[in-house]
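Since the structure comes first, as structure tokens, the remarks are kept for the end.
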Amino acid sequence: MIRLLPAILILIVTVFHAHALEPKKTYGTASLMVVVERERGSVAVFDSIRHELLGRVEGLGNLRHATMVFSRDARYAYVIARDGVVSKIDLISMAVEAKAKAGENSIGIAISRDNKFIMVCNYEPGGVTILDSDTLKTVKEIPAVIKEFPDGTKLRSRTVGPLDTADNLMIFGLMEGGAVWVVDMRQEGFPVIKKFEDVGDTPYDQLITPDGRHYLVGLLNSDWMGLLDTWKLDSMKKIDVRERRAGLKAEGEKAPLYHIPHLESWGIANGLAFVPAFAEKRVIVYDMKDWSVVKSIPVAGTPLFVVARPGGREVWVDNVGAPGSPEERTIDVISVETLSVKKSIDAGKGALDPQFTPKGEAVYISIREEDKVAVYDTDTFKLLKEFPVHKPSGIFSSDRASKCGL
């Protein structure tokens with residue numbers, strides 16, 4: 001045995017040295033795709049240049065309506081779970097660096113322009129929570145109080161959003177309050193500097209245009225949208241949408257409202273806004289100069305996400321339909337030049353949430369009912385790759401780190 005020891009030691013050293021010389025996989029963070037695995041409480045991280053799965057991060061809580069934002073350097077992803085837990089994920093080490101409780105039932109998250117603070121919108125308790133982005137410690141809570149009773153009790157509204165602006169403001173909606181509040185993240189104490197009341201019935205979602213100038217809020221039960229100039233902050237203009245609900249109905253087949261479309265998913269291209277219709281199989285096109293209706297484009301099902309390809313020549317639309325129907329398999333590609341569907345792709349059962357690589361050469365799509373993510377070449381429409389992903393839902397590109405409102 002003693003005679004064998006030198007040979008054993010040499011073998012150990014050789015194996016260790018060989019392992020040490022193995023090339024370590026390296027990657028940057030500017031072109032990652034982070035995919036939510038909603039049932040497992042985890043995210044899968046992909047290199048969207050080589051189309052490789054880099055790893056998974058688990059233990060993130062209830063991701064039923066999870067969303068995320070990225071630090072300015074795209075090193076960290078901040079994920080908000082429905083149970084109010086914020087997780088700070090290091091995208092290099094593939095580990096959770098910090099966790100904090102921001103609410104009991106949370107629905108949205110944003111990061112300030114200066115990268116210092118995170119804002120979380122809560123259904124319960126109604127209001128927003130501001131966290132330090134490094135430590136995730138709570139620095140302020142802003143209750144969304146809409147009514148005070150004589151006995152001192154207060155009625156709070158659920159809040160939705162929030163969105164960051166180029167001027168380091170945060171804007172969020174009050175669902176029961178029918179209001180929109182603006183918080184100045186530059187000032188000590190984060191004061192609410194504007195309260196736009198009577199915006200409409202039940203604000204539910206919002207967006208900021210790609211140039212960062214205009215904020216729009218969608219309303220579940222009003223025949224208009226709210227439009228705010230973030231430079232002026234003077235008034236909330238009503239954009240009448242009754243025209244599309246009345247005059248253009250014949251152009252789109254009516255269908256059950258399987259899911260409520262999200263404003264953030266609007267495709268903005270060539271001065272036009274491509275908007276998913278409620279409970280109708282069509283996309284409505286608005287001229288953003290005056291918000292007049294340009295055209296109504298029939299699509300395969302009721303659209304949920306309407307996403308502009310970088311460069312603006314196409315808009316890709318997922319479709320929702322009855323379980324097992326052809327609609328829920330179809331991704332429609334709309335030409336911005338002709339304002340018509342130029343290609344329909346049978347992507348698989350439960351195809352949702354097309355998200356483009358930063359320069360638009362490929363698109364990642366959740367195929368939820370087949371437990372996979374599909375990657376397509378956007379020039380040829382050919383399938384490049386498929387990855388096994390458990391019940392994928394939201395897909396988030398790390399290039400959001402340098403954009404307002406995402």
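What follows draws every value from the coordinates through simple rules; no lab data is involved. Nothing here was measured: the structure is a model prediction, and the numbers come from that model. We place every Cβ from the backbone using ideal geometry, glycine too, and count neighbours over all the protein chains shown.
Tabulated data for the structure shown
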quantity	calculated
Dipole magnitude of the chain, debye to nearest 20 (Cβ charges: Lys/Arg +1, Asp/Glu -1, about Cα centre)	520
Rough spin-label spacing in nm, given labels placed 7 Å along Cα→Cβ, for Thr26 and Lys295	4.8
Neighbourhood net charge (15 Å Cβ-Cβ; Lys/Arg +1, Asp/Glu -1) for Asp379	+3
For the chain, calculated [θ]222 nm from helices alone, where every DSSP H run of n ≥ 4 adds -39500 (n - 2.57)	-1500 deg cm²/dmol
Inter-label distance, nm, simple model (7 Å from Cα along the C-beta direction), Leu220/Lys195	2.2
10 Å beta-carbon shell around Thr202, net charge (K/R +1, D/E -1)	-1
Ratio Rg/Rh, restricted to the stretch 194-236 and using Cα atoms, in which Rh is the Kirkwood radius	0.96
Net lengthening on full extension, Ser325/Asp379 (0.36 nm per residue, minus Cα-Cα)	16.7 nm
Rounded FRET efficiency, nearest 0.05, which uses the C-beta distance separating Lys238 from Asp151 and R0 of 45 Å	0.80
Hydrodynamic radius (Kirkwood) for the chain, which is based on Cα pairs only, to one decimal in Å	22.4
Calculated FRET value between Glu39 and Asp90, using beta carbons and R₀ = 25 Å, to 0.05	0.60
Which of Gly103, Gly271, Val389, positive extreme of dipole for the chain (C-beta unit charges)	Val389
Asp211/Glu361 FRET efficiency (R0 30 Å; Cβ-Cβ; nearest 0.05)	0.80
Fewest-first ranking of Ile395, Ile345, using other Cβ atoms within 10 Å as the exposure measure	Ile345, Ile395
Gaussian network model of the chain, Cα within-10 Å springs - most flexible of Ser340, Ser325, Ser112	Ser325
In degrees, nearest ten, helix 5-21 long axis to first principal axis of the chain (Cα)	30
At 1.002 mPa s and 20 °C, Stokes diffusion of the stretch 60-240 via Kirkwood alpha-carbon radius, µm² per second	130
